[in-house]
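Beneath this line is the structure, given in structure tokens, with notes to follow.
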Amino acid sequence: MCEHYYQKDAETMPEDQLKELQGKRLAGQFKWAYENVEFYRKRCREAGVEPADIHGLQDLDKLPFMCKDDLRATYPYGLFAVPLKDVVRLHASSGTTGKQIVVGYTKEDLDIWDDVVARQLVATGASSEDIIHVAYGYGLFTGGFGIHGGATKLGCTVVPVSAGNTQRQITILKDFKCSILACTPSYAAYLGETLHDMGMTPDDLYLKSGIFGAEPWTEAMRREIEKSLGLKAYDIYGLTEIMGPGVAYECKEQHGMHVNEDHFIVETIDPQTHKRVPDGQKGEIVFSCLTRKAFPLLRFRTKDIGILDRTPCACGRTFVRMSKPMGRTDDMLIIRGVNVFPSQIEEVLLSKGYPPVYQIIVGREDNNDTFEVQVEMTEDNFSDVVGDIRRKENNLSAALQTILQIKAKVSLVAPKTIERSNGKAKRVIDTRKLHD
């Protein structure tokens, strides 16, 4: 059993005590949000629920769901439960569609955030002896500051590099002798490529582990990153609306990500019926904040699809584990009536020896969907012989069709052709006008 915990009493709390604590905190948090957030109070009155109705976990289903549309409708501060003079930090989502999602933190909220991030660091083997290279973006995005705060509280040496200038990042990793890397998985893969291009190997670095999140990635991509950077890759899960990084994390067992259940309730629901699904079955992941005061969001629909596992973990932590997100209900592509997830395409590419550097291009011609996957060749499999390229494209197209049950045009492009991202990789270009 792993003996390394940051807050052992909380992380190994017996299930009955944990449920009792969650129930007590849920009742208090609902009362807090109801009394201090006018929009939420109105929503709850419409649902016919008030503080006197919520006593514990058994009453969770009485609470209405919240979604991103609610957060956009109350932009920027309409869901804050404290006056701005008590808010010491603001963060926001990337705002790729519609208005940004703006969230706030009190000093106490930040202290809890630091704690849950410190827990995930310790779960992957970090200690105050480590030097953490933070290549998540700093700014309104929660990644950089989130990891920074938890690492600082743990006593690590933090290198706040942020994103960009990749060759300089490699130099810093080497010269500063950084032992832990924190960034998006797509950027970690790019760092591995750059290391190779600079004529270096993982032996030139001092990395022992990596903490990667903020976008979907596969087990095959994990193996590629581990090989290219010579580290152990750990998955983390967080979202701006709930806290940021630190909501859930892998331990050294790597059998799912432990959810910090003393601060968050997690459920899985059927996205169509909104009914809860049993543990072990796929469902949309829903989170409720139990201790957050500035932005006390309850029953927030993440749109991520995943599975919850409550079987005991060998690490000794009693917190429920959630799977890697298996796609999203809102970024799932429907092409010619078939559901397609980018992660399915990535699995096929990696299994065929291609890097996870690709773009999915969906369009519409003559009322029919077009579906193209552009895939970057590596230096090893690059060819400028037209016949060789066509054969490889046809083979890859056939492999994709076997998995997706739909034919895609595959276009192999030269190495370094597809634009790299310092943050979340843009995998999909959909030019169809699917909505009026």
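Over all Cα atoms in the range 282-396, the spread is summed up by Rg and Dmax: 20.2, 62 Å.
For q = 0.12, 0.14, 0.17 Å⁻¹, what log10 I(q)/I(0) does the range 165-250 give under the Debye formula with an equal point scatterer on each alpha carbon and no solvent? At q = 0.12, 0.14, 0.17 Å⁻¹ the computed log10 ratios are -0.34, -0.46, -0.66.
Taking Cα atoms only, the orientation of helix 15-36 departs from the longest principal axis of the chain by about 80 degrees. Summarising the amide proton neighbourhood of Val159: residues at separation of 5 or more, or on other chains, whose placed amide H is nearer than 5 Å comprise Ile132, His133, Val134.
Accessible surface of the chain, 1.4 Å probe: 49 percent of it comes from carbon and sulfur atoms. Taking label points 7 Å from Cα along the Cα-to-Cβ direction, Ala398 and Met200 give a separation of 4.2 nm.
Judged by the mean number of other Cβ atoms found within 10 Å, the most tightly packed of the peptides 117-123, 385-391 leads the ranking 117-123, 385-391. Computed on the range 279-349, the Cα convex hull volume stands at 146 Å³ per residue.
When the C-alpha to C-alpha distance is required to be over 32 Å, the pairs from Lys232/Lys282; Lys24/Lys424; Lys282/Lys407; Lys252/Lys409; Lys177/Lys352; Lys31/Lys99 that qualify are Lys24/Lys424; Lys252/Lys409; Lys177/Lys352. Determine, from the Cβ-Cβ distance of Ser351 and Glu108 and an R0 of 56 Å, the FRET efficiency 1/(1 + (r/R0)^6), rounded to the nearest 0.05. Using R0 = 56 Å, I get an efficiency of 0.75.
Tell me the mean residue ellipticity at 222 nm calculated for the chain from its helices only (DSSP H runs of n ≥ 4, each -39500 (n - 2.57), averaged over every residue, nearest 500).
-9500 deg cm²/dmol
Most simply put, the range 8-328 has about 65% antiparallel DSSP beta bridges, counting only bridges with both residues inside it. Comparing mean-square fluctuations of Met198, Met257, Met377 from a GNM of the chain with C-alpha springs under 10 Å, the top value falls on Met198. In terms of packing, defined here as the mean over residues of other Cβ atoms within 10 angstrom, the peptides 274-280, 139-145, 69-75 line up highest first as 139-145, 69-75, 274-280.
Taking the Cα centre of each part, how many Å lie between the range 374-436 and the range 114-137? The distance from the Cα centre of the range 374-436 to that of the range 114-137 comes to 35 Å.
The heavy atoms of Tyr206 offer some 110 square angstrom of accessible surface to a 1.4 angstrom probe.
Computed about the Cα centre, the dipole magnitude for the chain is approximately 640 debye when only Lys and Arg (+1) and Asp and Glu (-1) carry charge, each at its Cβ. The angle separating the long axis of helix 107-123 from the principal Cα axis of greatest extent in the chain is about 50 degrees.
Across every pair of non-identical alpha carbons in the chain, the mean reciprocal distance, once inverted, gives a Kirkwood radius of 22.9 Å.
What share of the DSSP beta bridges in the range 333-430 is antiparallel, in percent to the nearest 5? Just about 60 percent of them are antiparallel. Candidates Ser128, Gly280, His91 compared by Cα position along the dipole of the range 8-328: farthest toward the positive end lies His91, with charges placed on Cβ. For Ser421 and Asp388, a Förster radius of 35 Å and the Cβ-Cβ distance give a FRET efficiency of 0.75, rounded to the nearest 0.05. Couplings 3J(HN,Hα) of the range 351-358, computed from phi: 5, 9, x, 9, x, x, 10, 7 Hz, in residue order, whole Hz [Karplus 6.51 cos²θ - 1.76 cosθ + 1.60, θ = phi - 60°; x for Gly and Pro]. For the range 295-403, averaging the sequence separation of C-alpha pairs within contact (under 8 Å, six or more residues apart) and dividing by the residue count gives a relative contact order of 17 percent. Within the listed set Asp262, Asp203, Asp235, the residue fluctuating most in the Gaussian network model of the chain (springs between alpha-carbon atoms under 10 angstrom) is Asp203.
Return a whole-number percent for the relative contact order of the chain, with Cα pairs under 8 Å and 6 or more residues apart as the contact set. Computed over the chain, the figure is 14 percent. Ranked by the mean number of other Cβ atoms within 10 Å of their residues, highest first, the peptides 162-171, 7-16 fall in the order 162-171, 7-16.
In degrees between 0 and 90, to the nearest 10, how far off the longest principal axis of the chain does helix 185-197 point, with axes built from Cα atoms? Helix 185-197 sits roughly 30 degrees off the main axis of the chain.
Rolling a 1.4 Å probe across the protein heavy atoms gives the chain an accessible surface of 45 Å² per residue. The alpha carbon centroids of the range 280-307 and the range 223-277 are separated by 11 Å. Each 5 Å bin from zero holds the following percent of Cα-Cα pairs in the range 333-430: 2, 13, 25, 26, 18, 12, 4, 0. Here's how it looks for Gly246: its modeled amide H is under 5 Å from those of Tyr237, which are all 5 or more places away or on a different chain.
The values are calculated or read from the model by the stated rules, or taken from the named source; none is laboratory data. If you're wondering where the values come from, they're calculated on a predicted model, not measured in any experiment. Cβ sites come from the backbone with ideal geometry, for glycine too, and all protein chains shown count toward neighbours. What goes into the accessible areas is simple: the full protein's heavy atoms, side chains included, and nothing from ligands, DNA or RNA. Shrake-Rupley method; radii C 1.70, N 1.55, O 1.52, S 1.80 Å.
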